[in-house]
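Everything on this sheet refers to the single structure shown next.
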């Protein structure tokens, strides 16, 4: 395909910059411990200094891939897919999620919510970042709110964000990996005092799996 044709496909969401895809056990949040196929889409300008996939930021480094090929790969392994990034909502997610639905695959997303919501989702994990806040509409979609706790100020940020999501949204506090030994005791105390929150851990890192 010519570069112009590829760009048109990417703009339409029928091709996406695929960084990586793999079948694994979910390590964080509400579906911790369950099997899922992860599709990591390249491109992100949210700029978290502690991001552990900074290689995802530049979409140009990741090959535009036909969504029909992505869906076919998922179908070989799993009934649930987690679309993550990078920031997947930088791209039009409607064509890919529609194709997943046609193939009876349950579709989850992990997003900062910094871009308008596209796509049809069975589970919407919103993880807001101070560097680029969610668009207003993202809060209404949130099935799960996951706040990364890097310092004590993040507890206040967590409460501000929790006030903006729906009553039935599941609330998680997750220690930033490099600060986990420092933050976990604070999070434990906070959750015990504020039991509407739950603790999320990056269990995949403890298990040494992707």
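Rule-based calculations on the coordinates, nothing more; no lab input. As the structure is a prediction and not an experimental result, all values here were calculated from the model. Glycine also receives a Cβ, built like all others from the backbone with ideal geometry; neighbour counts cover every protein chain displayed.
Just check the range 154-196 against the gyration tensor rule for me: Cα atoms, a ≥ b ≥ c as the square roots of the eigenvalues, rounded for a/c under 1.5, and otherwise prolate or oblate depending on whether a/b exceeds b/c.
Values: a/c = 2.32, a/b = 1.78, b/c = 1.31.
It comes out prolate by the Cα gyration axes.
Over the chain, what is the mean sequence separation of C-alpha contacts under 8 Å (at least six apart), divided by residue count, expressed as relative contact order in percent? Don't skip to the end; give the middle numbers.
Values: 419 pairs, mean separation 36.8, N = 210.
Once divided by the residue count of the chain, the mean separation gives 18 percent.
Using equal-weight Cα scatterers in the Debye expression, the normalised intensity of the range 1-46 in log10 at q = 0.22, 0.26, 0.29, 0.33 Å⁻¹ is -0.84, -0.94, -1.01, -1.08.
How large is the Rg to Rh ratio of the range 3-207 when both quantities use alpha carbon positions and Rh follows Kirkwood?
On the way: Rg = 16.8 Å, Rh = 17.4 Å.
Rounded to two decimals, Rg over Rh is 0.96.
Run through the DSSP bridge list for the range 1-104 and note the antiparallel percent, rounded to the nearest 5. If you can, show how the numbers build up before the last one.
Working: 10 of 15 bridges.
Approximately 65 percent, going by the DSSP bridge assignments.
Spacing of the modelled spin labels on residue 22 and residue 66, each 7 Å from Cα toward Cβ, amounts to 2.6 nm.
Label separation (residue 5 vs residue 198): 4.7 nm, computed from points 7 Å beyond Cα along the C-beta direction. Pull up the DSSP beta bridges for the range 3-207 and report the antiparallel fraction as a percent, rounded to 5. Counting DSSP beta bridges with both partners in the range 3-207, the antiparallel share is about 30 percent. Under a Gaussian network description of the chain, with springs only between Cα atoms under 10 Å, the residue in 38, 172, 157 that fluctuates furthest is 157.
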